[in-house]
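In what follows, a structure is listed as structure tokens, so that the remarks can point back to it.
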Amino acid sequence: MSIPCVRTPDDRFAGLPDFDYEPRYFETSAGLRVAYLDEGPADAPPVWFMHGEPTWSFLWRKVFPAVRDAGFRCIVPDMAGFGRSDKPTDFDWYSYDAHTAVMAELLEHLDLTGATMVVHDWGGPVGLRLAVDHASRIDRMVVLDTGLFTGHQKMSDAWSAFRDFVERTEDLPIGMLVGGACLTPPSPEVLAAYEAPFPDATFKQGTRAFPLMIPLTPESKGAEAGQRVLAALKDDDRPILVLWADKDPIINLDTGRKFAAALGAPEPVVIEDASHFLQEDQGGTIGGHIAAWLTA
């Protein structure tokens, strides 16, 4: 059965700054069209970049070129409800399971092996779950300012304020939310690019759903899956690189250190002069770190 959804007109994506990449498309078994970038040699080791809330593949434009230029194939998808991907209009469609299932279909369709999973924000719970459930395809992980939601995690006051704002705001100001979580204010053109996928409130169900999907108790929906993924990664011997912003008010550096320890990963590499959207503040630096780690 097809899922009721809206599709952002292509002209909304014309002339975006530093983002003239050609999108590819894949249709899921449920009829959702998923967009992704596929840059670099087709036979090179793949590196998969997962965005979070309320961003899209545009977030990675300063990061993945260094990885591509180091000889890797960069896959940069838009999750359902974001970017150029179809946007289900039923708020209840959005769940941890649904998002993961869509990305898993794309992973299987591309038939990737030996991949590196790079995750940020809500891309963390989804991408790390893919790394556990499709372990034969993912050889290593790069983790940036994210976490796994088990229902045991303590949420910051900044996050709680954000969640309350989202719950009562139907037409989320996407550019304001992104700009407010960058250390260096992005240009009006960049903020407009983050707004581009969302012509009006009809297109924003996914952006509203993510904060409200976080399980706040161990019994909440999605918590059990988060607990399972964390337990699996704790005993996992695949290499993990953790990069963390020094000035993230939403998921602070101390939380990053605790999460790295919970994953059995080395201490985070601290990205200086960066806030939650560290890809905006220090994208080139991050790309360099990932490329150097992958080629070491």
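The values are calculated or read from the model by the stated rules, or taken from the named source; none is laboratory data. What you see is a predicted model; the values in this text were computed from it and never measured. Positions of Cβ are backbone-derived with ideal geometry, glycine not excepted, and every protein chain shown enters the neighbour counts. When the accessible area is computed, the model is the full protein with side chains, heavy atoms only, and any ligands, DNA or RNA have been set aside. Shrake-Rupley method; radii C 1.70, N 1.55, O 1.52, S 1.80 Å.
What are the ³J(HN,Hα) couplings of region 165-182, residue after residue, when phi is run through the Karplus curve with 6.51, -1.76, 1.60 and θ = phi - 60°? Round to Hz, x for glycine and proline.
4, 4, 4, 9, 10, 6, 9, 5, x, 4, x, 5, 5, 5, x, x, 10, 10
Relative contact order, percent, of region 230-296 when contacts are C-alpha pairs under 8 Å separated by at least 6 residues?
Averaging sequence separation for qualifying contacts and normalising by length gives 33 percent for region 230-296.
Can you tell me the length gained on complete extension of the stretch M155 to A101, counting 0.36 nm per residue apart and subtracting the Cα distance?
Once the chain is fully extended between M155 and A101, it gains 16.9 nm.
Using the Cα gyration tensor of region 158-271, with a ≥ b ≥ c the square roots of its eigenvalues, what is the shape: rounded (a/c below 1.5), prolate (a/b larger than b/c) or oblate (neither)?
Verdict is oblate for region 158-271.
Cα centroids of region 162-182 and region 211-225: how far apart, whole angstrom?
21
Please list 3J(HN,Hα) in residue order for region 109-124, calculated via the Karplus relation 6.51 cos²θ - 1.76 cosθ + 1.60 where θ = phi - 60°; whole Hz, with x for glycine and proline.
Whole-Hz 3J(HN,Hα) from phi for region 109-124: 4, 6, 6, 7, 9, x, 7, 10, 9, 10, 10, 8, 6, 5, x, x.
Which percent of the accessible area of the chain is formed by carbon and sulfur heavy atoms (probe 1.4 angstrom)?
Percent of accessible area from carbon and sulfur atoms in the chain: 50.
Apply the Karplus parameterisation 6.51 cos²θ - 1.76 cosθ + 1.60, with θ equal to phi minus 60°, to every residue of region 126-136 and state each ³J(HN,Hα) to the nearest whole Hz, in sequence, with x for glycine and proline.
Per residue, the Karplus-derived 3J(HN,Hα) values read 6, x, 6, 5, 4, 5, 7, 6, 10, 4, 5 Hz.
Roughly what percent of Cα-Cα pairs across region 1-111 reach past 17 Å?
Considering region 1-111, 53 percent of its Cα-Cα pairs are separated by more than 17 Å.
Where does the chain land on Rg(C-alpha)/(2.2 N^0.38 Å)? Could you put the intermediate results ahead of the total?
Details: Rg = 17.4 Å, N = 296, 2.2 N^0.38 = 19.1 Å.
Normalised Rg, Cα atoms only: 0.91.
Given labels modelled 7 Å from the Cα in the Cβ direction, how far is it in nm from F19 to E195?
1.3
Counting DSSP beta bridges in the chain, what percent are antiparallel, to the nearest 5?
Details: 10 of 30 bridges.
So the antiparallel bridges in the chain amount to around 35 percent.
Scan around V142 for amide H atoms under 5 Å from its own, H built in the peptide plane at 1.01 Å from N, and keep only partners 5 or more places away or cross-chain.
Amide H to amide H, under 5 Å and 5 or more residues apart or across chains, V142 pairs with M117, V118, V119, L241.
Give the long-range amide H neighbours of A245: residues separated by 5 or more places, or on another chain, with amide H under 5 Å away, using H modelled in the peptide plane at 1.01 Å from N.
The answer is D145, I271.
What does the helix-only formula give at 222 nm for the chain: each DSSP H stretch with n ≥ 4 adding -39500 (n - 2.57), the total divided by the residues, and the result rounded to the nearest 500 deg cm²/dmol? Walk me through the intermediate numbers first.
Values: 10 runs with 108 residues, N = 296.
So the calculated ellipticity at 222 nm is -11000 deg cm²/dmol.
What does the charge dipole of region 81-182 about its Cα centre add up to, to the nearest 20 debye, if the Cβ of each Lys and Arg holds +1 and the Cβ of each Asp and Glu holds -1?
320
Where does the charge balance sit around D273 when Lys and Arg score +1, Asp and Glu -1, over other residues with C-beta under 12 Å from its C-beta? It would help to have the intermediate numbers written out before the result.
Values: positive: K247; negative: D246, D248, E272, E280, D281.
Once all neighbours under 12 Å are counted, the net charge is -4.
Which order do the peptides 79-89, 230-240 take when ranked by the mean count of other beta-carbon atoms within 10 Å per residue, highest first?
Put in order of decreasing packing, that is 79-89, 230-240.
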